[in-house]
Amino acid sequence: MSSAANHITPANALIKARNYCAYQERCYYEVETKLKEWGLNYGFWGHICVKLSEEGYLSESRYVSAYVRGKFNGNHWGRLKIINGLKSKRITAKMMEEGLSHITDEMYKDMITKLLTKKSAALKESNPFKKRQKLVSFLHQKGFESDVVYSILDEMEND
């Protein structure tokens, strides 16, 4: 990349950042990373983020809501994996808590039950102990808490 391509004016960066944020919800960290990638001087990042926020292009709470909804409903992630994803985007604990509050306990248990039922039907394991371990491992990888998974598994096995 040439050095000319490595420098962008603040005005052009704002235009590009508007388009970047209009495409999908973004958080401050993603915008700052993109501004850095475009070669914009660090001193302008805050001004651009404030401007984007004032114009409605950038909203951390909107981003968190969209992220939680998408990862839970689309990717079928549990709270732990969602939290880790949000931490990687430098989202505050308060914002995470607010975003996760939209997932009710009933929704959460329904999702786990649905995933367990689907995965259980797909497993060819005949040993019930090994099958249970595979199911638990599958849901751990998805970010669901052990105590909740075991509780629902016990309920399903007792029905």
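The values are calculated or read from the model by the stated rules, or taken from the named source; none is laboratory data. The structure presented is a predicted model; accordingly, all values stated were derived computationally and were not measured. Every residue, glycine as well, gets a Cβ built from its backbone with ideal geometry; the counts of neighbours run over all protein chains shown. Just so you know, the surface numbers come from the protein's heavy atoms only, side chains and all, with ligands and any DNA or RNA stripped out. Shrake-Rupley method; radii C 1.70, N 1.55, O 1.52, S 1.80 Å.
Across region 80-145, counting alpha-carbon atoms alone, Rg and Dmax equal 14.7, 45 Å.
Summarising the label geometry, the points placed 7 Å from Cα in the beta-carbon direction at Arg18 and Met156 lie 5.0 nm from one another. Taking all Cα pairs closer than 8 Å and separated by 6 or more residues, the relative contact order of region 1-138 comes to 20 percent. With the simple spin-label model, which puts each label point 7 Å out from Cα in the Cβ direction, the Arg69 to Ala93 separation comes to 2.7 nm.
Listed peptides 25-32, 36-43, 52-59 appear in the order 25-32, 52-59, 36-43 once ranked by packing, highest mean of other Cβ atoms within 10 Å at the front.
Leaving out ligands and nucleic acids, and using a 1.4 Å probe, what accessible area per residue does the chain come to in Å²?
Numbers: 9760 Å² over 159 residues.
Per residue, the chain has an accessible area of 61 Å².
Across region 1-118, Cα-Cα pairs more than 21 Å apart make up 46 percent of the total.
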